[in-house]
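The values are calculated or read from the model by the stated rules, or taken from the named source; none is laboratory data. As the structure is a prediction and not an experimental result, all values here were calculated from the model. So basically every Cβ, Gly included, is an ideal-geometry build from the backbone, and we count neighbours across all protein chains shown. Note: accessible area is taken over every heavy atom of the protein model, side chains too, but ligands, DNA and RNA are not part of it. Shrake-Rupley method; radii C 1.70, N 1.55, O 1.52, S 1.80 Å.
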Amino acid sequence: MVLVYKMSTKSLWLLFIFIGSSYSETYSEELFIKPLATGYVYSFFQFTVIREDDSFKHSTLFPHSLGDIIDRFHVAELNVDLTSGLWKHKSWGYPAVDAPSGAEISARFHNDTQDIDKHWYGLTNALSGLLCTSLNFINSANSYESSADRVYRYSNLPRENVCTENLTPWKKLLPCDSTRGLSSLLNSGRVHNANYHSLGIHFRPLCNAGKCKYELRQTVSLVYDSIFISFNNNYDWSLRKMFGTGLFKTCPLADYSKIYLDTSSNSSVPYLISQEPDYVLKNNIAVYNLNGIFHLSAIVPRPKIVVSELRPLLYTDRFITGFGQEYGGLVTRIYNDHKSAIIATVIENIPWFLPIYYHTLKVTSNGIRVIPKALIYKPGKGRVRIYYLEIVLELAPRSVTEISVQFDYVFLKWQEYPPDANHGFYIGSAIVKATIPRNATSLTFDKSLIIDNLNSTGDDYLICLKTENFIITLPTPDFSMPYNVICLACTVVALAFGPIHNITTKRLKLTTAKYVPGLASVAQKLYVLMETIFMLKTKKTGKPTPVKVFTPEELSYHPTLGHVSEEFMKNKGN
Amino acid sequence: MGLLTDPSVGHGALTSIFVRHHNRFCIVMYIVSVALFCMLAHYSLSSQTYFSENALLPGLVKGQLNDNTGSSFRDHYRELNAEAEHFETETPHSYLISKFKNLRLETYSHNFTLNYPLKKNTKYTGRNVYGILRAPRSASIESIVLSVPYRAPSSVFPSTLPGLAVMFQIAQFFRRMYNQIYWAKDIIFLVTEHEQLGMQAWLEAYHGTSCGSPGVLDSGKLSGRAGAIQAAINLEIHSEKIDHIDVKLSGLNGQLPNLDLVNLAHRLCNKESVKHTFNNVDGGAIGRNKVNSYYTNLSTMLSMVMTQATGVPDGNHGLFHRFGIEAITLEGHEKEGRGIYSSVLQVGRVIEGMFRSLNNLLERFHQSFFFYLLPSTDRYVSIGLYMPCLVLLVGALFLKAFSTWIQHSTEHKPGDSSAETTIPEHLNVGMVSVITLGSHVVGLLLLPNLAPAYFTHFWNYMPTHRALLLGYGSLSLTIVCILPIIMKKCLNSFKSSNWVLLHVICLLELGIGLLCVSMHNFSLGYLTALVYVLPAICTKSSQNSLIVKFLWLLVHPMCSLFWITAYITYTAYPELPITDYLTKVLEASGQWMVLSTVDNMIYGNWAFTVGVLLLLPVWTAFWCLMFLPTIVSKKMKTE
């Protein structure tokens, strides 16, 4: 302390920051690789910053731009995922972070925040600038608040395309950017050629006995098809084949950088790894500590027998039923392959342009109708609010539970159609949350670092499944037709206007209609002339015509009947 | 708009000409309509096809499908043949499943059951196998289907095994070649069983609906889906050596695929120099003179109209259309004898090209025509040109109705004694409505999901088709014989000089019905109009001559069916002796009725419904009209 007092105030300040930050922030880089069934390779990058200070005014490792946003909008927890492709639970198991295709964002604000909506839109707009995404399209018509939590907001944009423009700003948030460390593996050319890729930013407080730490995880999930990267018929893969480069330098700011390789599939299909691991965790996870140049490759022979897909305990299926553009149905199926019942919560957020009929909501389990344990329904409102449906169900052991609801297709206003209107409208995914036994899935990802997750033990694990998106075709006008329609409508209106105006505004008076020779009468005279000539020639006696044709002179005007014959008027008079 | 307010309109000069000579006008309209229809095939009225959807970009990339990597087509074909020989009548499901799995596709199978509607407790089961190639560039939102109907060696139809081998070859190429990362739509490879039944069951299961009568086709459940299906191609390739590819379009109830898809097939066949045809007629006009090419075009167009009019799809593609999925069948006919032929690899490249074009599509097909007639592979007649033909025919009916009405209202013009009070009675509104309602109720009772089951139950000792024929035949005969007697004997009290209201209602209903039918299926509407309009014009509101009655009897829906089958049987078996011929025609008519009812109950084909709900009631009402008691006015008598 004496030493400190002797220093000038300026250097004291510097020292204070240095000591403070080095104590309060830690950074680690991890990569988890898991070869999946049928030749896919899953790689999960996680870059974690943990800090103790709850103010984001000053930081060394925590991205300042994001910290500012978190501070300004009173964000307590934030999850942003930008995904392209569909995670196939049935054949790939559970991912580290489950995200639906497109953009997904959820946030929880501090409990004392006043105007949550204002902060929510502010946050999404700020993030859309930070990440170059269309999060600014989030409004009340596509986001919802949780039924239990006032300060929670969720939204997804299934139409969002994820590309390089999102990856570059995402990488800028990392302490080492993309020059060193594991992030140097993320080349946009390779990332976007993957069968599935998902960028994520996850911020949350980790509180223990009143003391809080703040965790920021930046994640990338990539699934490569070994066929596309290996140029042969085997299931080979390597870092270079997947990412186009090896690892050269580690990030000096990272407290530790590690690569984990899940070798559990080695038992069914033995394969060769180019490097011996530093140590092995739980018998099947090879761990590599990174320091300096590193390369990893595996030679995997293609299995002779196709191994049946290892199905996870719980998976979903969602689709549209019906055809045509009048009525449709939305079906969500949840498969429970577990030997005991599982409690699951299903959240459906259906956009306002698919108005659902609540009375058609049907929940069946193996074909038998069941009553949900709890049900929350908030009807939507055209252009303002989504249809929110939250159902808590007990999934019977080894059962298929089906939730179906009918909806209408809506005519939109012509300005509400997106470009390429005939492509269809995207409907975002439903969310299924359930607690499953921890040993039912090989890996869990609820702790901060992957290493902690690999070592974790416990009873239950909360999974959150996102179902597939789909597109529907709403009645779409032919956008080249408005001109024709306008012309037709105007003609009809113009033709109708005159007589209606006349009838309604003028008093009808009895007059004798004047005879004006028209084209028709000329034609008739000509015809009569022709006929007489013709008859003269053939000398036939013509039949008397059954039709009495009134000449206009014979017609008179009756106040209510209009033109009637003179005779009629006479009779009337009598 | 003066039309609305001026009652003197019906008395104008032009009207009087129309009214006086309506019969001549009707005949002229009929003749003009037929002439115009025949003209449609001419070069000057049809136009050159073109691509409306620019995103298709057909043939922009070079076909890369080859035999060099992986198993070749011959390997697949040999393997498949060996497998098919083991199962004389069944589908080798397990082989297909393992084959798809081996090709690294997500493989599923789908079970379905048909409860045969005309016989209780008769069930047929089937199983489809399909594999999904998950596109690396999308989230399984859209997909394209490539389907092949599996035909066991015992099938009466030509084999589709070469087509299946081509499908394997394509699946292997799309899935296993390392540079195929451009797929943005999932591709479903589907092998169906039991011809159209399997396809219908799969489609119903995919969309979670039922199109036919409830409980008939139990389509089961699918466990794998791939989003909204954008287009489908059905392959029926009969041989390794292909003479030509026939592009088939006609779908259920006469629905047609978007013209862009049809053009795409023809364009890519052209590119890969595969001979391509429509209704087995080559489109190339080279070497034909003008007259010849006109006749070829006309016959092609007529054969399309005939196929479309039945409402029965001429391939598995036809069932997709209802679901808003554009689909066609490519049928590869065998090259017989020696000469130039196309290899399956060429055809494979055509399909590859089509899939790559479809993969480019951003929006679903909406640009080009959905209603058209094709006189040739590269020419089309748009709806704006062919619709006037029908409008002329229907217009003749309307003109007849209009002039009958005007004639009537002027005959009983005001000034006649007690005109005002007698008019309503004179029209016999009550009786007319009873007749029209009654005829429609009979039609409703004869609907395919009511009467046939009863008939087969009643005559359960005889084959279904005879029971149906007997049922419908006896019922029609009863109506034909009994109605005149009832009309003559029982309705004497309702005597009136004529039955204009009934006549006008019949004419209008026929006209409107035909218009509605032709909106959906032009060919059916037009052909029906050709048959029914002429006799309908000949009828009068009273005093119909015996010839007209006889003519009307000839066009009874059952009789029409009989004439059509008689003609078809004659063209098929010209040398049969007369008794054999007649029994054959009767049997065939019965069979046709069974097929039609079953089609209605499984697929929702409404050809039979049109017959029963439109033609039969109108026919019956006209028949009543002809025998209704009338007072012969003194005036007429003296003349």
Portion, in percent, of the accessible area of the range B:428-627 that falls on carbon or sulfur, probe 1.4 Å: 76 percent
Dipole size in debye (nearest 20) for chain A around its Cα centre, Lys and Arg Cβ +1, Asp and Glu Cβ -1? 2040 debye
The simple spin-label model distance between B:Lys488 and A:Lys447, using points 7 Å out along Cα→Cβ, in nm, is 10.2 nm
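At a probe of 1.4 Å, how much accessible area disappears from chains B and A on forming the pair, both sides counted, to the nearest 100 Å²? Kindly include the intermediate steps, with their values, before the conclusion.
Numbers: alone 29300 and 31300 Å², together 55560 Å².
Counting protein atoms only, the buried area is about 5000 Å².
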Keeping all protein chains in the complex and leaving out DNA, RNA and ligands, what accessible area do you get for A:Lys282 with a 1.4 Å probe, in Å² to the nearest 10? 110 Å²
The size of the Cβ-based charge dipole (Lys, Arg +1; Asp, Glu -1) of the protein assembly as shown about the Cα centre, to the nearest 20 debye, is 2280 debye
For a quick size check, give me the Cα extents of the protein assembly as shown along its three principal axes, largest first, whole Å. 141, 82, 59
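Net charge near A:Leu393: determine it from the other residues with C-beta under 13 Å of the C-beta of A:Leu393, scoring Lys and Arg +1 and Asp and Glu -1.
Working: positive: A:Arg333, A:Lys362, A:Arg369, A:Lys373, A:Lys433; negative: A:Glu348, A:Glu390, A:Glu394, A:Glu402.
Value of the local net charge: +1.
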Accessible area drop of at least 40 Å² (1.4 Å probe, protein heavy atoms): which residues of the range A:410-436 qualify, relative to the chain alone? A:Asp420, A:Asn422, A:His423
Cut-off under 5 Å, modelled amide H: who pairs with A:Ser101 long-range: A:Asn469
How much accessible surface does B:Cys559 have with a 1.4 Å probe, in Å² rounded to 10? 40 Å²
With R₀ set to 35 angstrom, the calculated FRET efficiency between the beta-carbons of A:Gln275 and A:Asp337, to the nearest 0.05, is 0.45
The cysteines in chain A that find no other cysteine Cβ closer than 4.7 Å to their own Cβ are A:Cys132, A:Cys163, A:Cys464, A:Cys487, A:Cys490
Whose amide H sits under 5 Å from the amide H of A:Tyr461, counting only residues 5 or more places off or on another chain, with H placed in the peptide plane? A:Ile436, A:Arg438
Other protein chain Cβ atoms within 10 Å, averaged over every residue that makes up B:138-147: 4
Report the paramagnetic label zone for A:Asp149: residues of the range A:93-112 whose backbone N is under 18 Å from a point 7 Å from Cα along the Cα-to-Cβ axis. A:97-100, A:104-112
Projected onto the charge dipole of the protein assembly as shown (unit charges on the beta-carbon of Lys, Arg, Asp and Glu, signs +1, +1, -1, -1), the Cα from A:Thr133, A:Val432, B:Leu586 with the largest positive-side position is that of B:Leu586
Could you let me know the centre-to-centre spacing of the range A:475-495 and the range B:338-417, using Cα atoms, in angstrom? 23 Å
Expected output for the range B:353-397, residues with a loss of 10 Å² or more in accessible area relative to the chain alone at probe 1.4 Å, reads B:Leu362, B:Glu363, B:Arg364, B:His366
Neighbours of A:Ile293 by Cβ distance under 14 Å: Lys/Arg at +1, Asp/Glu at -1, summed charge +3
Packing-wise, with mean Cβ within 10 Å as the measure, how do B:165-174, B:606-615 rank, highest first? B:165-174, B:606-615
Buried by at least 30 Å² relative to the chain on its own: which residues of the range A:221-255 qualify, computing accessible area with a 1.4 Å probe on protein heavy atoms? A:Ile227, A:Phe228, A:Phe231, A:Asn233
Report the local net charge at B:Gly337: Lys and Arg +1, Asp and Glu -1, summed over other residues whose C-beta lies under 12 Å from its C-beta. 0
Tabulate in residue order the Karplus-calculated ³J(HN,Hα) for the range A:290-296, using 6.51 cos²θ - 1.76 cosθ + 1.60 with θ = phi - 60°, rounded to whole Hz; enter x for Gly and Pro. 9, 8, x, 5, 9, 9, 9
Sequence gap at least 6, Cα distance under 8 Å: using those rules, report the relative contact order of the range B:428-627 to the nearest whole percent. 41 percent
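Hey, how much of the P(r) for chain B falls beyond 35 Å, as a percent of Cα pairs?
49 percent
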Give me a comma-separated list of calculated 3J(HN,Hα) values for the range A:271-277, in order, Karplus coefficients 6.51, -1.76, 1.60 applied at θ = phi - 60°, integers in Hz, x for any Gly or Pro. 9, 9, 10, 6, 10, 6, x
Accessible area in square angstrom per residue, chain B, 1.4 angstrom probe: 42 Å²
Other-chain or far-sequence residues with amide H under 5 Å of B:Lys275's (modelled H): B:Ile245
Wrap a convex hull around the Cα atoms of chain A, take a quarter of its surface area, and give that in square nanometres. 50.0 nm²
How big is the charge dipole of chain B about its Cα centre, in debye rounded to the nearest 20, if each Lys and Arg gets +1 on its Cβ and each Asp and Glu gets -1 on its Cβ? 580 debye
Rounded to the nearest whole Å², what accessible area per residue is found for chain A with the 1.4 Å probe? 50 Å²
Expected 222 nm ellipticity per residue - DSSP helices of 4 or more, -39500 (n - 2.57), all of chain A, to 500: -6500 deg cm²/dmol
I'd like to know which of B:Ile568, B:Gly227, B:Leu161 lies farthest towards the positive end of the charge dipole of chain B, counting +1 on Cβ of Lys and Arg and -1 on Cβ of Asp and Glu. B:Ile568
Please determine, in degrees from 0 to 90 and to the nearest 10, the orientation of helix B:557-572 with respect to the longest principal axis defined by the Cα atoms of chain B, where the helix direction is its Cα long axis. 50 degrees
Helix-derived [θ] at 222 nm for chain B: sum -39500 (n - 2.57) over DSSP H runs of at least 4, divide by residue count, nearest 500? -17000 deg cm²/dmol
Of every hundred units of 1.4 Å-probe accessible area on chain A, the number belonging to carbon and sulfur atoms, as a percent, is 58 percent
So for A:Arg385, A:Arg438, what's the accessible-area order with a 1.4 Å probe, most first? A:Arg385, A:Arg438
Can you pick out the pairs among A:Lys378/A:Lys413; B:Lys185/B:Lys248; A:Lys90/B:Lys271; A:Lys34/A:Lys433 whose Cα atoms lie more than 31 Å from each other? A:Lys90/B:Lys271
Using R₀ = 35 Å, calculate the FRET efficiency as 1/(1 + (r/R₀)^6) where r is the Cβ-Cβ separation of B:Lys290 and B:Tyr581; round to 0.05. 0.30
In sequence order, calculated HN-Hα J values of the range B:471-481 (Karplus, 6.51, -1.76, 1.60; Hz; x Gly/Pro): x, 5, x, 5, 5, 5, 4, 4, 4, 4, 7
Taking all protein chains in place and a 1.4 Å probe, what share, in percent, of the accessible surface of the range B:117-198 do carbon and sulfur account for? 54 percent
Using +1 at the C-beta of Lys and Arg and -1 at the C-beta of Asp and Glu, which of B:Ser71, B:Leu264, A:Pro158 has the Cα lying farthest in the positive direction of the dipole of the protein assembly as shown? B:Leu264
Past the 24 Å Cα-Cα mark, which pairs from B:Lys400/B:Lys488; B:Lys123/B:Lys584; A:Lys172/A:Lys249; A:Lys171/A:Lys211; B:Lys62/B:Lys335? B:Lys400/B:Lys488; B:Lys123/B:Lys584; A:Lys171/A:Lys211; B:Lys62/B:Lys335
Could you grab the relative contact order for chain A? Cα pairs under 8 Å, six or more apart, rounded to a whole percent. 13 percent
